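Heads up: the structure comes next, in structure tokens.
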Amino acid sequence: MLGTLLQGGVLLTDALHMLKQNLPGSLMGKEVATMYQRVLQGKGMAHPTREATLFPDLVVQMMVVGEETARLDDMLLHLATHYEAQVDDAVQALSAVLEPVMIVVLGLVVGFILIAMYLPIFRLVEVMGG
């Protein structure tokens, strides 16, 4: 969200304020509030991001590069694309594992239903035939 706001021409302080308001009470919201206060004090974005334990090293490094090159919006959008691709890969891997499991579970459910339907018929045949 921050990268999109910055690319849209919103000032960094205003973008952080908006982001802080959209994440109330969350751990990320607290970190953004800290960043907002540090930026208001004249410090950059990278230093408070480095202090926060919430952000991976890649995020901190990309923010440093973004600040140094005055392309913070591009770096943040690049990070978003990178992490979105990682999430997509993880979802695909999870669905590849879950698909066979769901097929087996569905087979067991159908088998149980078939046994529940035919067992009384077999018992009836035994009683009638015996």
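The values are calculated or read from the model by the stated rules, or taken from the named source; none is laboratory data. What you see is a predicted model; the values in this text were computed from it and never measured. Cβ sites come from the backbone with ideal geometry, for glycine too, and all protein chains shown count toward neighbours. Only protein heavy atoms, including side chains, enter the accessible area calculation; ligands, DNA and RNA are left aside. Shrake-Rupley method; radii C 1.70, N 1.55, O 1.52, S 1.80 Å.
Quick check for you: with a 1.4 Å probe and neighbouring chains kept, what is the accessible area per residue of the chain, in Å²?
Numbers: 9200 Å² over 130 residues.
Solvent-accessible surface per residue comes out at 71 Å².
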Prolate/oblate/rounded label for the stretch 2-65 (Cα gyration tensor, a/c 1.5):
rounded
In the full protein assembly as shown, how much of Leu72 is accessible to a 1.4 Å probe, in Å² to the nearest 10?
20 Å²
Mind pulling the angle between the C-alpha long axis of helix 72-129 and the longest principal axis of the chain? Nearest 10 degrees, somewhere in 0 to 90.
10 degrees
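Starting from the stretch 13-52, pick out the trypsin sites (Lys or Arg not before Pro) whose DSSP state is loop and whose Cβ has at most 12 other Cβ atoms within 10 Å. Could you put the intermediate results ahead of the total?
Values: sites: Lys20, Lys30, Arg38, Lys43, Arg50; in loops: Lys43.
When the trypsin sites (Lys or Arg not before Pro) of the stretch 13-52 are filtered for loop state and at most 12 Cβ neighbours within 10 Å, Lys43 remain.
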Give me P(r) over the chain, computed from all C-alpha to C-alpha distances, binned every 5 Å, as integer percentages.
2, 9, 12, 16, 12, 6, 5, 5, 5, 5, 4, 4, 4, 3, 3, 3, 2, 1, 0
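Show that you can apply the helix-only estimate: for the chain, add -39,500 (n - 2.57) for every DSSP H stretch of four or more residues, divide by all residues, and state [θ] at 222 nm to the nearest 500.
Details: 6 runs with 108 residues, N = 130.
Estimated from H runs of four or more residues: -28000 deg cm²/dmol.
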Given a 1.4 Å probe and every protein chain left where it sits, what share in percent of the accessible area of the chain is carbon and sulfur?
67 percent
For the chain, longest principal axis from Cα atoms; helix 27-40 axis from its Cα atoms; angle between them, nearest 10 degrees, is 10 degrees
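Starting from the Cα gyration tensor of the stretch 29-87, take the square roots of the eigenvalues, sort them a ≥ b ≥ c, and report rounded, prolate or oblate (rounded when a/c is under 1.5, otherwise prolate if a/b is larger than b/c, else oblate).
Numbers: a/c = 2.08, a/b = 1.37, b/c = 1.51.
Since a/c reaches 1.5 but b/c is at least a/b, the shape of the stretch 29-87 is classed as oblate.
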Roughly how many Å is it from the Cα centre of the stretch 78-130 to that of the stretch 9-34, as a whole number?
43 Å
